[in-house]
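The values are calculated or read from the model by the stated rules, or taken from the named source; none is laboratory data. Worth saying up front: this structure is predicted, and the values here are computed from it rather than measured. Virtual Cβ from ideal backbone geometry, glycine too; neighbours counted across all protein chains shown. SASA here: full protein model, heavy atoms, side chains in, ligands and nucleic acids out. Shrake-Rupley method; radii C 1.70, N 1.55, O 1.52, S 1.80 Å.
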Amino acid sequence: MKKLLCILMCMLMVLTVVPANTSAADNVLTIPEATALAKSQGYDRFTTEKYYVTGQVSSIASTTYGNLYIKDSAGNTLYVYGTYSADGTTRYDKMTKKPQVGDVITVYGVLGMFKNTTPEMKSGWVVSHFSGALSRISLVSAPYKRTYLPGD
């Protein structure tokens with residue numbers, strides 16, 4: 001229960017990093033939604049807006065750039081090409097607290113297709129990071145809210 005509460009609090013912290021003139025509620029995507037949006041961009045093109053996506057780190061392809069895969073509880077995956085600190089200034093290899101396999105992270109970045117073969121988030125800023133596996137968060141019935149604010 002303590003881990004679940006911590007995860008929910010970390011997810012709420014995402015909302016504090018929203019740039020001016022941007023609605024966090026509009027930019028929070030599930031992994032399947034992010035993959036569909038990335039695929040819709042076409043050959044080597046990326047969205048102009050940035051999006052939030054949360055998942056558990058399933059593998060790390062590059063420990064220099066922080067290229068990694070995140071997955072949801074249904075096994076859907078998204079490739080994150082390069083990870084940076086929450087302010088976008090520190091690359092993965094220089095970060096003091098680096099996401100590791102099993103950690104739950106929320107990344108914020110543009111979505112698109114690399115060479116029309118791989119849907120990905122490019123240069124994802126790690127805006128929340130919880131060390132350790134999450135057993136489950138689920139929303140049981142629709143309609144449901146996708147964004148929760150303090151006091152909800």
Of the residues that sit in the range 104-152 and are modelled with pLDDT under 55 and β-branched (Val, Ile, Thr), which one is most open to solvent (accessible area, probe 1.4 Å)?
VAL140
Filtering the range 51-86 down to residues that are open to solvent by 60 Å² or more (accessible area, probe 1.4 Å), in a loop (DSSP other than H, G, I, E, B) and touching a Phe, Trp or Tyr at 6+ places or on another chain (Cβ under 8 Å), which residue is farthest from VAL127 (Cα to Cα)?
THR63
Got at least one residue in the range 40-47 being farther than 16 Å from PRO119 by Cα, acidic (Asp, Glu) and either open to solvent by 50 Å² or more (accessible area, probe 1.4 Å) or touching a strand residue (DSSP E or B) at 6+ places or on another chain (Cβ under 7 Å) (or both)?
no
Residue list for the range 60-96, filter: on the phi > 0 side of the Ramachandran plot and in contact with a Pro (Cβ under 8 Å, 6 or more places away or on another chain)
GLY66
Please determine, by comparing only the residues of the range 92-131 that are charged (D, E, K, R) and not in a strand (DSSP E or B), which one is farthest from GLY75 (Cα to Cα).
LYS94
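Yes/no per residue for (1) of a type in the set (S, T, N, Q); (2) within 18 Å of THR118 (Cβ to Cβ); (3) at pLDDT 95 or above:
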site: LEU12; (1), (2), (3): no, no, no
site: ASN27; (1), (2), (3): yes, no, no
site: ALA34; (1), (2), (3): no, yes, yes
site: VAL57; (1), (2), (3): no, yes, yes
site: SER62; (1), (2), (3): yes, yes, yes
site: TYR65; (1), (2), (3): no, yes, yes
site: LYS71; (1), (2), (3): no, yes, yes
site: TYR81; (1), (2), (3): no, yes, yes
